[in-house]
Amino acid sequence: MQVSTFKLDNGLQVLTHEIPDHPLACCCVAYHVGAIHEQPNKTGLAHFLEHMMFEGSKHIRYYDQHIQTAGGISNAFTSSDYTFYYAQLPILNLEQAFWLESDRMLGLSWDENKFELQKKVVLEEYKQRYLNQPYGTAWHHIRRLAYLKHPYSWPVIGRDMSHIEQTTMEDLMVFRAKHYLPSRAYLILAGGFDTDKVKPLVQKWFGDIPDGGGIDLEIIPEPQQLEIRHAKLTEQVTHRALYIAFKMPGMFEKGYFSAILLIQILGQGKGSILFQSLVKKKAIFTSIQTRMTNSFMEGLFVIEGRVFPEVDLPSAEQALFGILENCLTNINEDMLEQAKNKLLTAKYLQDYHLLNQCVRAAQYTLQNKLHELSQFEASISEITLEQIRENGARILNLKAYSMLQYT
């Protein structure tokens, strides 16, 4: 992915990726604000604000209506580290996306009725995705166990429903004024355009948006975890379950690529070590997998397993840790090569979509790592078996982890 960059006087950074003769364009805006920029007693603001960004700006009553009229689609997502908006549409209508994005960057309409409507939508999302789902609150509890100081301790949607209920429109207005600024935003474009022709259009629509001079909040660092932490939940679930969270390097920290390969080898798919040992051979777990938070800063490497009814949790826990104690020495070159091939294939398939290319460009740019964007394949390919074992030993620390039990 070849990216060109330029910067407007108000601080807005622009990235362009030309794909000759491509009929579509993807117009994305990434704001350097996420759940970590909230306060522990007032969470969920970044996600709530994302919803409000589709409820009309000063000159546009309904955002989606104009995108659809232009033959496009649009959406957004909020993470702990950043917020991302995108529109994909025919290349001839790219300026339509500039108009829409610039107007809502400049200012929202702040309609009280729309605010109350979106509050209900967010509350319903909280209920459906977390409260009304088996094991739905698992990651809420795991985060609280694993992070005692860092704002990764709460999920993006908010620590508690009461935080959403108590959010006022003024809260969102203040939060937006601090973070939704040209100097904290990145405009990422990909598709069949000519950058030289796009530049004056970007200047036309974004150049006169004033910057508010927002500043980054100081994120409280998480102390090194030196102990084992436990929590137990008793809920109506179909199977008792174990969640074990280890700390892992952030996306741009040393050891990250070893960690994602280890995740693949240990618990991704039916050929993984954990599935073969604890599901297929020993029939202790009905399912088991590894997952990660994919955070910019120190994230979580999580093992999630659901236990057969006839197996008690202590026995399941003992069997799992028995595998973890020896898994690194059991990893061989064939396993590593297979994991590399799966990750690289997934990356190549993802890159067929303009949106995925823009998301990756945004992630690297937000961390001032754009020069490393093209190094993903090499970074994966060059990992050795020795590195997997060395970094794996640091991650799978059996004296410092967080465990959640569903009983």
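The values are calculated or read from the model by the stated rules, or taken from the named source; none is laboratory data. The shown structure was predicted, so the numbers you read here are calculated from the model rather than taken from an experiment. With ideal geometry, Cβ positions are generated from the backbone for all residues, glycine too; neighbour counts draw on all protein chains shown.
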**Request:** Only one of these is hydrophobic (A, V, I, L, M, F, W, C), at pLDDT 95 or above, in contact with a Ser or Thr (Cβ under 9 Å, 6 or more places away or on another chain) and assigned by TED's automatic domain parsing to the domain that holds G392: I273, I265, I260. Name it.
**Result:** I265
**Message:** Residue under question is K340, and the condition is that it be farther than 19 Å from Y406 by Cβ and outside any helix (DSSP H, G or I); does it hold?
**Reply:** no
**Residue pairs meeting the criteria (Cβ under 8 Å; at least 6 apart or on separate chains; first modelled with pLDDT of 95 or more, in segment 113-127; second part of a helix (DSSP H, G or I) and of a type in the set (D, E))** = K119/E165; L123/E165
**Fill in**
Counting only residues in segment 302-330 that are surrounded by fewer than 20 Cβ atoms within 10 Å (Cβ to Cβ) and acidic (D, E), the one nearest to I260 (Cα to Cα) is identified as E325
**Asked** So which residues in segment 375-407 are part of a loop (DSSP other than H, G, I, E, B), out of contact with any Leu (no Cβ under 7 Å at 6 or more places or on another chain) and under 30 Å from Q2 (Cβ atoms), if there are any at all?
**Response** E382, T384
**segment 125-173: number of residues that are surrounded by 20 or more Cβ atoms within 10 Å (Cβ to Cβ) and not in a helix (DSSP H, G or I)** = 7
**Subset of segment 39-75 (residues that are under 24 Å from the mean Cα position of the chain (by Cα), surrounded by fewer than 17 Cβ atoms within 10 Å (Cβ to Cβ) and either closer than 21 Å to H179 by Cβ or among the aliphatic types (A, V, I, L, M) (or both))** = Q39, P40, N41, K42, I73, N75
**Single match in T365, T345 (criterion: among the β-branched types (V, I, T), out of contact with any helix residue (DSSP H, G or I) (no Cβ under 9 Å at 6 or more places or on another chain) and assigned to a helix (DSSP H, G or I))** = T345
**Request:** Please list, ordered by first then second residue, the pairs with beta carbon atoms under 6 Å, 6 or more apart or interchain, first in segment 168-184 and among the aliphatic types (A, V, I, L, M), second not in a helix (DSSP H, G or I).
**Result:** L181/D211; L181/G212; L181/G214
**Message:** Being touching a Phe, Trp or Tyr at 6+ places or on another chain (Cβ under 8 Å) and either more than 19 Å from I383 (Cα to Cα) or exposed (fewer than 14 other Cβ atoms within 10 Å of the Cβ) (or both) is true for just one of A245, A259. Which residue is that?
**Reply:** A245
**Request:** Being within 19 Å of L313 (Cα to Cα) and among the β-branched types (V, I, T) is the filter here, so list the residues in segment 265-286 that pass it.
**Result:** V279, I284, T286
**Message:** Contact list please: Cβ distance under 7 Å, first residue in segment 381-407 and free of Cβ contacts under 8 Å to residues at least 60 places away in the same chain, second residue assigned to a loop (DSSP other than H, G, I, E, B), pairs at least six apart or on different chains.
**Reply:** L385/I331
**Prompt:** Within segment 33-49, which residues are part of a strand (DSSP E or B) and not polar (S, T, N, Q)?
**Reply:** K42
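Residue under question is A346, and the condition is that it be surrounded by 14 or more Cβ atoms within 10 Å (Cβ to Cβ) and either in the same structural domain as A245 (by TED's automatic domain parsing) or in contact with a Leu (Cβ under 9 Å, 6 or more places away or on another chain) (or both); does it hold?
No: the conditions fail for A346.
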**Fill in**
Residue set D81, D103, D111; condition acidic (D, E) and closer than 25 Å to N294 by Cα; output residue D81
**Prompt:** Quick check: is even one residue across segment 316-324 outside any loop (DSSP other than H, G, I, E, B), within 15 Å of M403 (Cβ to Cβ) and in contact with a Lys or Arg (Cβ under 6 Å, 6 or more places away or on another chain)?
**Reply:** no
